[in-house]
1. Scan segment A:16-43 for residues that are closer than 18 Å to A:GLU59 by Cα and assigned to a helix (DSSP H, G or I) and jot them down.
2. With (1) among the hydroxyl-bearing types (Ser, Thr, Tyr); (2) within 8 Å of RNA strand B (Cβ to nearest atom); (3) open to solvent by 30 Å² or more (accessible area, probe 1.4 Å) as the list, and A:THR326 as the residue in question, which single condition is left unmet?
3. Return the residues of segment A:455-471 that are near RNA strand B (Cβ under 8 Å from one of its atoms) and crowded, with 19+ Cβ neighbours inside 10 Å; say none if nothing qualifies.
4. Kindly check whether there is at least one residue in segment A:170-181 that is among the acidic types (Asp, Glu), open to solvent by 40 Å² or more (accessible area, probe 1.4 Å) and more than 16 Å from RNA strand B (Cβ to nearest atom).
5. For residues that are under 18 Å from A:GLN27 (Cα atoms) and in contact with a Ser or Thr (Cβ under 8 Å, 6 or more places away or on another chain), scanning just segment A:67-79, find the one that is least open to solvent (accessible area, probe 1.4 Å).
6. Enumerate the pairs (first residue in segment A:274-298 and polar (S, T, N, Q); second residue anywhere and outside any strand (DSSP E or B)) with beta-carbon separation below 6 Å, excluding pairs fewer than 6 apart on the same chain, so at least 6 apart or on different chains.
7. For segment A:304-316, how many residues are surrounded by fewer than 11 Cβ atoms within 10 Å (Cβ to Cβ) and outside any loop (DSSP other than H, G, I, E, B)?
8. Among the listed residues A:TYR428, A:TYR480, identify the single one that is open to solvent by 10 Å² or more (accessible area, probe 1.4 Å), more than 22 Å from A:GLU547 (Cα to Cα) and more than 8 Å from RNA strand B (Cβ to nearest atom).
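The values are calculated or read from the model by the stated rules, or taken from the named source; none is laboratory data. The model shown is predicted, which means the values in this text are computed figures rather than measured ones. Glycine also receives a Cβ, built like all others from the backbone with ideal geometry; neighbour counts cover every protein chain displayed. Quick note on the areas: whole protein, heavy atoms, side chains included, nothing else; ligands and nucleic acids left out. Shrake-Rupley method; radii C 1.70, N 1.55, O 1.52, S 1.80 Å.
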Amino acid sequence: MEIFLKENIRRVIKELYNAEVNDDLIQIQETRKDFKGDFTLIVFPLLKFSKNTPEKTGEMIGSQLMDSSPEISGYNVIKGFLNIEISDKWWISYFAGMMAETDLLKNCRVKNPEVILVEYSSPNTNKPLHLGHIRNNLLGFSLYRLLSACGHKVIKTNIVNDRGIHICKSMLAWQKYGNGETPESSGIKGDHLVGKYYVLFEKMYKFQAEELMSKGVEPGEAKNSAPLLMEAREMLLKWEAGDKEIIELWKKMNSWVYDGFNKTYEALGVNFDKIYYESDTYKIGKDLVQAALKDGIMYQMEDKSIWVDLTSEGLDQKLLLRSDGTAVYMTQDLGTAVLRQQEYKFDKCLYVVGNEQNYHFQVLKAVLARMGYKWAGGLHHFSYGMVELPEGRMKSREGTIVDADDLIKEMKETAREVSLQLGKLGDYNDEEKEEIFRKIGLGALKYFILKIDPRKNMTFNPTESIDFNGNTGPFIQYTYARIMSVFRKGEQMGIKFNNTILSEMKGGEKEIDLVRQLRRFQAIVSEAAAVYSPALLANYCYDLAKEFNQFYHDYSILSETDVRVRNFRLAISKYTSEVLNTAMWLLGIEMPERM
RNA sequence: GGUCCUAUAGUUCAAUGGAUAGAACGGAGGUUUCCUAAACCUUAGAUCCAGGUUCGAUUCCUGGUAGGACUACCA
């Protein structure tokens, strides 16, 4: 319709002012809610052709347009805005076309599909997942669905940071104080058990350092020479040397962590096609750096450490191999990127990683480009904002980390309380009820996070639990459940829904409003995928659900006596439910049939 | 010190350079013999400051102010 309008407006301007206008001067947008009309032409840019006032110009174009196109049923001019009204007939026949197409996402498919790798989650194996990881996982998974919906081949990957001094710390603490405790013996989820020993290490280490300081050792020296830290470093050296006992312990404790992570991933409803481990890829990175050194791309200091000079690109000197020959974070990321390109020949690689690592990814791209990899241009850091508490960042030292498993559990509990209070699920058995509580609790959590622009930091207040009313996941789920209920009831009443729409029928205002809203869906999906923003789609879901609830409130569907009107309303309801379901699916949110 | 990001109702979030800056929660008030009141309706309440570009700036530019991140031989 926008294209149709543009062409006609161009023609009209030619007729009226004998001017060929550039496409970008014909600015058309959807008319704002509080004005009459469907589409609005902004006439200011056209004044240089009309040599007239905005009002007069709008009036002339509007009148000429209306005379020449039957689809246009009216117009009005307010200041420099020409509001064009499209006939109900056009809207209804347009909707009939939408109903006839079974593929809701057909227009989202891109012409040139790409192979896109999405890296998300990226946990360390010394601690359980927390709220920050939840945002990461939800964004990554939703991006996967969105990009896939647009026809791309998307590979979900995860890079697990499973080696390094931090892992040795939990291993050491377990070895010293664990008394052979296992997830089975203690009943503690594996990742939490390992996390417990990491925390214990930090506590004992701090204690030792303070003890040294009280004996008069200078603070920096005390922190550096506490026996526990020395032991952890020794353990890391043994690990790198392949010490059998240490490797065994490492494998055992990591397997506990993976069992724990898998449960959390499953609860969140996310998964991966390919998991990379830093313990594998850091070696590739080391070789790459050595090769680059030979090629003169990097340089070596006297202490044998290897660096790259990126000052010509506005960045700094960056260390890539330590003086003792061990790898740093950047080293393994280089290796991982090259390995991935070999394995998947990706066009794009999306790193879902927090904005605190912006600099890291600038450097990563620059180094790969320096090494001559043309595909480095396809790397994209999807930089999302931090999740903060009302008093600032989450800090493990202050015990303010919001644990992922706890939060998921609490959300389900809240859903249970609210649902039982409302008492609408009387005839469901316990298992069915639990499933609904799960969907609602998780829906609330996921929507709460995904509706926010990913680039921005967000605030989460743990003491005020996530809402179930207003602009929330459950609101949208509720709207869907209501529509499902209408169709269940309709079936009981023997009302048959016929998929044909009678285009000579007149639609009510709210019905056309809904059609207008439904029409936007595919464009929103395309845009959300193009700009990597699930939030656009989430907010659209809310707008649509809101629109439907108004319609539902003002009109009756099943008790409408005019069969054609009833049928039309059923069709709109049906289509709305499908759009809501698909849109929420793209966000990774499940919909309950009842609630 | 340098680089980057952010700043919108009491709070949490919206707004391709366009009209009277939208929602939600919270506040005040209202709607149920009728398809689910997790809903609907009414109401009060905001663009950090100063310049600039523009017919038009929350949006773009410059300079402040205030937060935050990065600037490790941590990840």
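1. Matches in segment A:16-43: A:LEU16, A:TYR17, A:LEU25.
2. (3)
3. Of segment A:455-471, the ones near RNA strand B (Cβ under 8 Å from one of its atoms) are A:455-461, A:464, A:467-471.
Matches in segment A:455-471: A:PHE460, A:PHE468.
4. Initially, segment A:170-181 is screened for residues among the acidic types (Asp, Glu), giving A:181.
Those left that are additionally open to solvent by 40 Å² or more (accessible area, probe 1.4 Å): none.
No: segment A:170-181 contains no residue that is among the acidic types (Asp, Glu), open to solvent by 40 Å² or more (accessible area, probe 1.4 Å) and more than 16 Å from RNA strand B (Cβ to nearest atom).
5. From segment A:67-79, those under 18 Å from A:GLN27 (Cα atoms) are A:72, A:75-79; that's our starting set.
Retained after the next criterion (residues that are in contact with a Ser or Thr (Cβ under 8 Å, 6 or more places away or on another chain)): A:72, A:75.
Numbers: A:ILE72: 9, A:TYR75: 58 Å².
Looking at residues that are under 18 Å from A:GLN27 (Cα atoms) and in contact with a Ser or Thr (Cβ under 8 Å, 6 or more places away or on another chain), I get A:ILE72.
6. Within 6 Å, the pairs are A:SER279/A:ASP162; A:SER279/A:ARG163; A:THR281/A:GLN332; A:THR281/A:GLY335; A:THR281/A:THR336; A:THR281/A:LEU339.
7. Kept after step one, since they are surrounded by fewer than 11 Cβ atoms within 10 Å (Cβ to Cβ), are these residues of segment A:304-316: A:311-312, A:314.
The next check asks that each one be outside any loop (DSSP other than H, G, I, E, B); those that pass are A:311-312.
Counting residues in segment A:304-316 that are surrounded by fewer than 11 Cβ atoms within 10 Å (Cβ to Cβ) and outside any loop (DSSP other than H, G, I, E, B) gives 2.
8. Numbers: A:TYR480 fails: more than 22 Å from A:GLU547 (Cα to Cα).
Going through A:TYR428, A:TYR480 in turn, just one is open to solvent by 10 Å² or more (accessible area, probe 1.4 Å), more than 22 Å from A:GLU547 (Cα to Cα) and more than 8 Å from RNA strand B (Cβ to nearest atom): A:TYR428.
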